[in-house]
């Protein structure tokens, strides 16, 4: 997306909305977009300085028509932003995922897992994978909801740059006062739209940051269970067990095996009660 340079005099008008839009677009476009305008102006690997493209201004004869179009757009943005935020429905689902992770961690802390059986380890690993998939689907839904808001913020930012450049050009010349007032009026409309749009965008970004904390807990859990499985695999090479032709006659379980089986059942039952209710 082409971004014209912003004037310092106008940056303070809608910083939250512009930051939200740039943050979301960076997520979708990857590292190249995250580099922002700096990468554009540095001239790539050579580091040569490249002159910024001139900012578009609205010809005086087109100001009334363009202002009407952009004013309608700004009002539409305000109307959409003041409706119920669709991301609000995602908060309970994220809370459920977070609560499930907390319950799983509590269950694991209550069990003696010094030498857990492989069945229990595999069960816990599946639970962590389940939460990972659930959160990934949740993130996709949040991105789908945020996209229109971020697009509106980016569109407002583009219009602001053009109208601010037009205002500066008119202030330096001898433009009719009525046209200059119309330009300043549309800038005020853009200000209002950005302020209203900042509300739902900020709420959506807060949800995204909460999801980051949940993702960190999932990553830690998967890392820990992966290390436990690797440790179990290493112990397999040192465990002394009777030959297979003798082991099949052993029908008695040890107390440790029984405790481990009970621990696995408790974790599975807690998971079923939570997600199958």
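For residue 203, the requirement of being under 33 Å from the mean Cα position of the chain (by Cα), buried (at least 21 other Cβ atoms within 10 Å of the Cβ) and either part of a helix (DSSP H, G or I) or at pLDDT 95 or above (or both) is not met.
Checking the conditions here, which among 129, 84 is outside any helix (DSSP H, G or I) and either exposed (fewer than 14 other Cβ atoms within 10 Å of the Cβ) or out of contact with any strand residue (DSSP E or B) (no Cβ under 7 Å at 6 or more places or on another chain) (or both)? Working first, answer last.
Details: 129 fails: outside any helix (DSSP H, G or I).
Answer to the selection: 84.
I'm checking my understanding of the structure. Among residues of the range 170-199 that are at pLDDT 90 or above and out of contact with any helix residue (DSSP H, G or I) (no Cβ under 6 Å at 6 or more places or on another chain), which one is farthest from residue 75 (Cα to Cα)? Quick ask: steps written out before the conclusion?
First, pick out the residues of the range 170-199 that are at pLDDT 90 or above: 178-199.
Subsequent filtering for residues that are out of contact with any helix residue (DSSP H, G or I) (no Cβ under 6 Å at 6 or more places or on another chain) retains 178, 181, 184-185, 188, 192, 195, 199.
On the way: 178: 21, 181: 18, 184: 16, 185: 13, 188: 11, 192: 9, 195: 12, 199: 16 Å.
Among those that are at pLDDT 90 or above and out of contact with any helix residue (DSSP H, G or I) (no Cβ under 6 Å at 6 or more places or on another chain), it is 178.
Restricting 78, 124, 69 to residues that are at pLDDT below 90, in a helix (DSSP H, G or I) and more than 17 Å from residue 211 (Cβ to Cβ) narrows the list to 124.
Checking 136, 154 one by one, the residue that is modelled with pLDDT of 95 or more and closer than 30 Å to residue 54 by Cβ is 154 and no other.
Selection over the range 154-196 of residues that are surrounded by fewer than 16 Cβ atoms within 10 Å (Cβ to Cβ) and assigned to a loop (DSSP other than H, G, I, E, B) gives a count of 3.
The values are calculated or read from the model by the stated rules, or taken from the named source; none is laboratory data. This structure is a prediction, so every number in the text was calculated from the model and none was measured. FYI the Cβ positions are ideal-geometry reconstructions off the backbone, even for glycines, and counts take in every protein chain you see.
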